[in-house]
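Novice: Let me give you the structure first, and then I'll get to my questions.
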Amino acid sequence: MCGQCCSLISDNSNLVLVSAPEIRRIMDGTGLTWGEIAEPYPETLIGDKGEEYTFAWCLNRTEKKCRFLNEDSRCSIYGYRPQICRTYPFMLDESGLLTFECPGTGDKVSEEAAGRIAEELIERARFEREELEKIEKIFSSAELKSDKMNIIDSEGVKTIG
């Protein structure tokens, strides 16, 4: 709860991936617009016809931190925060449990809290698999615009520019 994970410490260390459903949840909870919440993931690909695209969104950032980290180093959208924020510094992947550096991981965790974290990690992994499947299906038949930035997410193709 120090906010260090939401602050720029090294290149893109404050880059928080967020899905379309999570952006909608934040919109519903805060009244903010899509553009006030998220921006296209900064690494893009170029298609055969010069189309620029990416498969992800990330929370908007300032030069030094997530835009939702307030002056007290607290999350201003805590009740609506994305799953990656809920489960950090832990992640499940094909090889098992990953743990990232975090000043807060040195604290003892109760059995009850450990169970909640495990449940959230399993839910996050399931959700991310489902999102990926939707994105793959959309991308396989997507018509990308060559004069715009294309963001392919689980809702479809969104264009900017």
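Novice: Amide H to amide H, which residues 5 or more places from LYS65 or on other chains are under 5 Å from it, using H placed in the peptide plane?
Specialist: Here LEU8 satisfy the definition.
Novice: If I compute Rg/Rh (Cα atoms, Kirkwood Rh) from the structure I just sent, which labelled value in [x] 0.96; [y] 0.98; [z] 1.07 lines up?
Specialist: Comparing each candidate, only [y] matches the computed number.
Novice: At 222 nm, what value in deg cm²/dmol follows for the chain if DSSP H runs of at least 4 each add -39500 (n - 2.57) and the sum is divided by all its residues, to the nearest 500?
Specialist: Only helices count here, giving -9500 deg cm²/dmol.
Novice: Right, next: Nearest 10 degrees, 0 to 90: what angle lies between the long axis of helix 20-30 and the longest principal axis of the chain (Cα atoms)?
Specialist: That helix lies at roughly 60 degrees to the long axis.
Novice: Among the aspartates and glutamates, which fall within straight-line cross-link reach of LYS65, defined as a Cα-Cα distance under 17 Å, with same-chain neighbours fewer than 8 residues apart omitted?
Specialist: ASP11, GLU36, GLU39
Novice: Then there is this: Evaluate the charge dipole of the chain about its Cα centre and quote only its size in Debye, nearest 20, assuming +1 on the Cβ of each Lys and Arg and -1 on the Cβ of each Asp and Glu.
Specialist: 380 debye
Novice: Rounding to the nearest 10 and keeping the result within 0 to 90°, find how far the Cα-based axis of helix 111-140 lies from the longest principal axis of the chain.
Specialist: Value to nearest ten degrees: 0.
Novice: Which one, ALA142, THR54, THR159, is farthest towards the positive end of the dipole of the stretch 24-161 when Lys and Arg carry +1 and Asp and Glu -1 on their Cβ?
Specialist: About the Cα centre, the residue reaching furthest to the positive side is THR159.
Novice: In the stretch 37-71, which GluC sites (Glu not before Pro) are in a loop and have at most 15 other Cβ atoms within 10 Å, using DSSP for the loop call?
Specialist: GLU43, GLU63, GLU71
Novice: For the stretch 58-161, which chymotrypsin sites (Phe, Trp or Tyr not before Pro) are in a loop by DSSP, counting at most 12 other Cβ atoms within 10 Å?
Specialist: For chymotrypsin sites (Phe, Trp or Tyr not before Pro) across the stretch 58-161 that sit outside H, G, I, E and B with at most 12 neighbouring Cβ atoms in 10 Å, the list reads PHE100.
Novice: So who's got an amide H within less than 5 Å of the one on CYS58, skipping anything under 5 residues away but keeping other chains? H placed 1.01 Å off N, in plane.
Specialist: Residues meeting the amide H criterion: VAL18, GLU39, TYR41.
Novice: May I pose another question? Per residue, how much accessible surface does the chain expose to a 1.4 Å probe? Answer in Å², no decimals.
Specialist: On a per-residue basis, 64 Å².
Novice: May I pose another question? So how far, in whole Å, is the C-alpha centre of the stretch 75-90 from the one of the stretch 37-60?
Specialist: 22 Å
Novice: With an 8 Å cut-off on Cα pairs and a minimum separation of 6 or more residues, tell me the relative contact order of the stretch 24-161 in percent.
Specialist: So the answer I get is 24 percent.
The values are calculated or read from the model by the stated rules, or taken from the named source; none is laboratory data. Predicted model, so just to flag it, every value in this text is computed and none were measured. Because the Cβ atoms are built from the backbone with ideal geometry, glycine has one as well, and the counts that use them run over all protein chains shown. Accessible surface areas use protein heavy atoms only, side chains included; no ligands, DNA or RNA. Shrake-Rupley method; radii C 1.70, N 1.55, O 1.52, S 1.80 Å.
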